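Each remark here refers to the structure printed beneath this line.
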Amino acid sequence: MSETIGPIITSKHTTTQPLRVIVVGAGGTGGRLIPPLMQVLKRGDSVAIVDGDHVEDRNLARQNFRSRDIGLNKAEVMAHRYRRDGVNVDAYASFLT
């Protein structure tokens, strides 16, 4: 008999406290996680995106960046692109050590 596990992230979280999310890495995985994450957050929630890397031409084929992003910091690009009213989005252009 297999056990079914429900989703961890739903379309609406029900905590009374603002949700704080830290996304470490805005490249391959983080860059694809940020758009749907921003859709489930509500007014007062916050997101910190941490990545010290810059977008390179070779990133365009598999990461969520465009040619105009080349040379820019990955965390800053994602924060600017997906910022929305009511959700605090901060970019940290540094590597987490």
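The values are calculated or read from the model by the stated rules, or taken from the named source; none is laboratory data. None of the values given here were measured: they were computed from a predicted structure. Just so you know, the surface numbers come from the protein's heavy atoms only, side chains and all, with ligands and any DNA or RNA stripped out. Shrake-Rupley method; radii C 1.70, N 1.55, O 1.52, S 1.80 Å.
General remarks:
- Heavy-atom accessible surface of the range 11-97: percent carbon and sulfur, 1.4 Å: 51
- Probe 1.4 Å - accessible area at L37, Å² to nearest ten: 20
- Extension gain for R81 to D53 (0.36 nm times residue separation, less C-alpha to C-alpha distance): 8.4 nm.
- The heavy atoms of E76 present about 100 square angstrom of accessible area, all protein chains included, probe 1.4 Å.
- Legend: residues T16, T97, sorted from most to least accessible area (1.4 Å probe; ligands, DNA and RNA excluded), read T97, T16.
- Accessible surface computed residue by residue for the range 21-97, with neighbouring protein chains in place and a 1.4 Å probe, gives 57 Å² per residue.
- Accessible area in the full protein assembly, largest first, 1.4 Å probe, for S46, S94: S94, S46
- Difference of contour (0.36 nm per residue) and Cα-Cα distance, F95 to R20: 25.1 nm
- Sorting F65, F95 by solvent-accessible area of protein heavy atoms yields F95, F65, largest first, with a 1.4 Å probe.
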